Amino acid sequence: MSIKYMGMVQALIKPGKDIKQSLSADKCHLLHMGIGINGEANELLECMDNFIDSGEFDRINAVEELGDLEFYIQGLPSIYKLNLANCDESLKD
């Protein structure tokens, strides 16, 4: 990596202390749920990729990952008191 690039990174990087100070409890919750959704979706994708590669479907792992993903999906709208059933309604528009 070039010294010029590393200098740019150092100039633009946001200190963790500043990030921490900018986060409210609601923002922390959203970050937690968003990272969880991303992580569990990736684990589910790995399960599907293994099925594509091997031809063997790991049902137990798929159900576990779907359950974990559902946990984070259900937790995401909770701070805004949203109902996921409303998502179905928005598709009709």
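The values are calculated or read from the model by the stated rules, or taken from the named source; none is laboratory data. If you're wondering where the values come from, they're calculated on a predicted model, not measured in any experiment. Because the Cβ atoms are built from the backbone with ideal geometry, glycine has one as well, and the counts that use them run over all protein chains shown. To get the accessible areas, we keep the full protein, side chains included, count just its heavy atoms, and leave off ligands, DNA and RNA. Shrake-Rupley method; radii C 1.70, N 1.55, O 1.52, S 1.80 Å.
Worth a mention:
- Checking 31, 12, 23 one by one, the residue that is out of contact with any helix residue (DSSP H, G or I) (no Cβ under 8 Å at 6 or more places or on another chain), among the aliphatic types (A, V, I, L, M) and under 27 Å from residue 71 (Cα atoms) is 31 and no other.
- Restricting 66, 76 to residues that are in contact with a Gly (Cβ under 9 Å, 6 or more places away or on another chain), open to solvent by less than 100 Å² (accessible area, probe 1.4 Å) and aliphatic (A, V, I, L, M) narrows the list to 76.
- Helices (runs of 4 or more DSSP H) completely within the chain that count 3 or more residues being modelled with pLDDT of 95 or more: 25-54, 59-75
- Taking every residue in the range 61-76 that is among the aliphatic types (A, V, I, L, M) and pairing it with any residue that is open to solvent by less than 40 Å² (accessible area, probe 1.4 Å) and not in a helix (DSSP H, G or I), at least 6 positions away or on another chain, yields no pair with a Cβ-Cβ distance below 7 Å.
- Positions within the range 12-43 being under 22 Å from residue 73 (Cβ atoms) and of a type in the set (Val, Ile, Thr), in sequence order: 35, 37
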